[in-house]
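Enquirer: The structure's right below; bear with me while I get my questions together.
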Amino acid sequence: MSQQIKAEKISTPESGYLYLGTTDSYPISDYDGNHGASGRPDFLYGSDTGPRVVEFYAPWCPHCKKMRPHYIAYAQRVTKLVNETAPGQEIKFYAISCVVHSMICKDYKITGYPRIFAFLPGQHTPAMDVFPKMPHPFELMDKLGLYVDEDTKLRNNYVPESESLADRVVSLMIRGEMSHPRSKRDTFHDAVLSFNFSMRNLFTTHGPLSDDASKTLHQWLSFLRKAIPRQLVEIHRVIDSVLNDFDSAIKSEENMVAILDRFPKPVRSDWSDSCTKGQSGMGYTCGLWDLFHIASIGIVEWNTNAREDRSKAVSAVDAGNVLRDFIAHFFGCDECRTNFLKAYDSCELDRCNRLRPTMITTAWNEFPFWLFEMHNAVNLRLMREQANEETRTLTEEDERRSQWPTRLECPGCFNNTNGSFIKEAVLQHLRIEYWPDDQITQEYRKRLGETLDGRQPHTMLFAITLLCGLVTLVLLLGYLVRKSLLRRRRNLNIKAN
Ligand SMILES: Cc1cc2nc3c(=O)[nH]c(=O)nc-3n(C[C@H](O)[C@H](O)[C@H](O)COP(=O)(O)OP(=O)(O)OC[C@H]3O[C@@H](n4cnc5c(N)ncnc54)[C@H](O)[C@@H]3O)c2cc1C
């Protein structure tokens with residue numbers, strides 16, 4: 001305890017350091033000036049260096065302070081993954097205070113904070129900017145020359161994604177709009193873990209699944225086989241194996257688990273920070289929502305691709321019913337199940353009119369949009385329950401905060417007049433969040449980026465206003481000059497006469 005108090009005292013903005021001596025900053029070493037030739041650290045200037053990442057920070061800089069827990073979490077995640085997937089190899093993490101060691105930061109021409117660079121072994125110039133992109137650990141490992149085979153990457157749900165999303169996540173995080181940064185990889189990872197968890201917990205008795213439950217399971221897996229993107233190989237492999245061996249799988253938990261055990265367990269066994277919120281082992285319901293949203297977008301994709309053969313398409317009402325039955329039979333959270341079934345069966349949110357058997361394209365979109373609204377309804381209910389417990393009344397602002405996405409995440413999702421959601425924009429946003437980066441998603445993201453930036457239209461408007469102002473001014477000046485010339489000429493004429 002006393003050591004912790006001491007550590008906190010050492011590492012304050014006033015002391016000049018953010019990490020030095022703190023107990024929570026492992027595996028980051030904050031350079032203290034006590035090693036290396038002439039006050040310059042070996043890990044930057046030495047010749048015998050390994051792959052490493054170095055943050056240059058200023059302790060007074062608010063972004064550096066906000067970045068601190070994220071840099072630590074990132075370093076821990078990379079270190080864990082390197083240990084698990086690239087045994088015998090290592091990436092080290094360092095930090096340098098540019099207030100205390102300004103000459104080093106000058107050597108590296110650091111003009112803004114924080115800067116985080118990755119260095120190749122033995123090299124003194126950075127190989128890669130780690131901030132703000134925060135690349136996936138596998139991308140970092142690749143860049144720094146650590147070897148991991150492709151199969152291991154696949155087993156860890158490694159889906160390369162565009163830079164823009166990672167940038168956006170970090171920028172939201174830095175601006176304090178997102179307490180738990182979330183990338184699409186996290187979303188997919190959480191969905192896979194929850195899918196696996198649900199498959200391992202289907203049986204509530206020793207005996208075989210009832211006929212009803214077996215039928216529901218078959219329908220659910222057949223639905224997911226269509227709706228889950230091919231990139232989530234882990235889910236597809238399990239679905240294929242269980243469906244191939246279905247009669248045996250439904251006989252007992254042992255049989256089911258034996259099938260599931262044919263596949264290696266994911267190396268990253270915990271849900272992402274955005275789902276666990278720092279509580280290891282938590283995250284199942286969060287990942288389950290992810291799985292549902294991915295499938296809701298996926299089934300529209302499937303239908304679009306099955307346009308030629310309408311018999312393969314799945315209507316919005318069929319999709320809703322499959323999800324409902326899965327929750328009824330297999331979702332272990334009693335309260336969640338009861339509330340969901342009550343809302344579904346009593347046609348809340350106009351479900352009975354919205355989820356229809358028709359095969360019109362626009363009707364398919366009702367399924368993901370309805371699910372999004374159901375999720376927001378749960379978010380609001382949870383916030384109200386919490387407020388009740390704390391005997392406080394919710395403000396409009398509180399209620400707005402319970403809704404997803406926030407205005408900053410998707411400014412274009414809101415109607416500026418009444419603050420309601422715009423369906424088309426929300427559907428695009430759902431695709432950006434829950435579907436792999438294909439061309440359509442990229443286009444949606446580009447549009448979102450433009451709205452998010454907000455600079456383009458404003459800059460244009462400003463330029464046009466300025467131009468109009470200038471033209472008016474020139475015309476006015478011209479008019480005044482002309483008027484005064486005419487008057488002078490008239491005066492001269494009068495004098496001459
Ligand atoms: C079907 C279902 C019903 C549930 N019912 C209850 C209940 O009645 N009572 C209860 O206490 N808990 C219920 N839960 C659990 C609860 O909804 C949360 O999962 C849990 O509280 C964890 O919350 P979270 O903050 O991690 O985010 P979650 O609400 O689990 O959301 C996961 C992620 O989804 C994204 N997201 C949030 N809202 C939306 C949205 N509207 N559309 C798309 N994406 C979104 C966010 O990125 C978020 O991080 C239910 C869960 C499920 C799956």
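The values are calculated or read from the model by the stated rules, or taken from the named source; none is laboratory data. These numbers were taken from a predicted model, which means no experiment stands behind them. FYI the Cβ positions are ideal-geometry reconstructions off the backbone, even for glycines, and counts take in every protein chain you see. Keep in mind that these areas ignore ligands, DNA and RNA; they rest on the heavy atoms of the full protein, side chains included. Shrake-Rupley method; radii C 1.70, N 1.55, O 1.52, S 1.80 Å.
Enquirer: Could you calculate the contour length gain from V257 to M359, that is, 0.36 nm times the residue separation minus the distance between their Cα atoms, to one decimal place in nm?
Expert: That works out to 33.0 nm of additional length.
Enquirer: Work out from phi, with θ = phi - 60° and the Karplus expression 6.51 cos²θ - 1.76 cosθ + 1.60, the ³J(HN,Hα) of each residue of region 371-381, listed in order in whole Hz, and give x for Gly and Pro.
Expert: Per residue, the Karplus-derived 3J(HN,Hα) values read 5, 4, 5, 4, 5, 5, 5, 5, 4, 5, 4 Hz.
Enquirer: Only residues of region 191-207 count here: report those whose backbone N is under 20 Å from the spot 7 Å along Cα→Cβ of V267, or say none.
Expert: Within reach of a label on V267: 191-194, 196.
Enquirer: Here's another thing I want to ask about it. Efficiency by 1/(1 + (r/R0)^6): what FRET value for S210 and Y45, r their Cβ-Cβ distance, R0 = 56 Å, to the nearest 0.05?
Expert: E between S210 and Y45, to the nearest 0.05, is 0.20.
Enquirer: Tell me the carbon and sulfur percent of the accessible area for the chain, rounded to whole percent, probe radius 1.4 Å.
Expert: Solvent-exposed carbon and sulfur of the chain make up 54 percent of the total.
Enquirer: Right, something else. Can you list the residues, at least 5 places off or on another chain, whose amide H is less than 5 Å from the amide H of M128, using H built in the peptide plane?
Expert: Under 5 Å from the amide H of M128 lie the amide H atoms of A118, each far enough along the sequence or on another chain.
Enquirer: For R447 and H63 in the same chain, what is the full-extension length gain: residue separation times 0.36 nm, less their Cα-Cα distance, in nm?
Expert: 135.6 nm
Enquirer: Okay, helix-only estimate at 222 nm for the chain: each DSSP H run of n ≥ 4 adds -39500 (n - 2.57), divide by all residues, round to 500 deg cm²/dmol; what do you get?
Expert: Helix contribution divided over all residues of the chain: -18000 deg cm²/dmol.
Enquirer: Just how far, in whole angstrom, is region 226-305 from region 87-123 if you go by their alpha carbon centroids?
Expert: 40 Å
Enquirer: Also: How many Å² of accessible area per residue for region 184-404, probe 1.4 Å?
Expert: Result: 48 Å² of accessible area for each residue.
Enquirer: Additional query: Between M383 and V471, how high is the FRET efficiency from 1/(1 + (r/R0)^6) when r is the Cβ-Cβ distance and R₀ = 35 Å? Nearest 0.05.
Expert: 0.10
Enquirer: A further question on this structure: Rounded to the nearest 0.05, what FRET efficiency is calculated for N83 and M128 with R0 set to 22 Å and r the Cβ-Cβ distance?
Expert: 0.55
Enquirer: Can you bin region 228-294 into rounded, prolate or oblate? Criterion: square roots of the alpha carbon gyration tensor eigenvalues sorted a ≥ b ≥ c, rounded for a/c under 1.5, prolate for a/b above b/c, oblate for the rest.
Expert: Verdict is prolate for region 228-294.
Enquirer: Just subtract the alpha-carbon distance of E348 and R392 from 0.36 nm times their residue separation and send over the number in nm, one decimal.
Expert: 13.2 nm
Enquirer: Can you give me the long-range amide H partners of K277? Hydrogens built in the peptide plane at 1.01 Å from N, cutoff under 5 Å, separation of 5 or more residues or another chain.
Expert: Close amide H contacts, sequence-distant or interchain: none at all.
Enquirer: If you don't mind, another one. What list of ³J(HN,Hα) values in whole Hz, one per residue of region 210-224 in order, does the Karplus curve 6.51 cos²θ - 1.76 cosθ + 1.60 (θ = phi - 60°) give from phi, with Gly and Pro shown as x?
Expert: Going residue by residue, I get 5, 4, 4, 5, 4, 4, 4, 4, 4, 5, 4, 5, 5, 5, 5 Hz, with x marking Gly and Pro.
Enquirer: Which entries of K65/K92; K215/K342; K65/K277; K277/K342; K153/K251; K184/K277 have Cα-Cα distances beyond 26 Å here?
Expert: In this structure, K277/K342; K153/K251 lie more than 26 Å apart at Cα.
Enquirer: Here is a follow-up. Would you mind checking which residues have amide H under 5 Å from F93's amide H? H placed 1.01 Å from N; only 5 or more apart, or other chain.
Expert: The answer is S29, V53.
Enquirer: Using the Karplus curve 6.51 cos²θ - 1.76 cosθ + 1.60 with θ = phi - 60°, work out ³J(HN,Hα) for each residue of region 317-329 in order, rounded to whole Hz, and write x for Gly and Pro.
Expert: Result, rounded to whole Hz: 6, 5, 4, x, 5, 5, 5, 4, 5, 4, 4, 4, 8.
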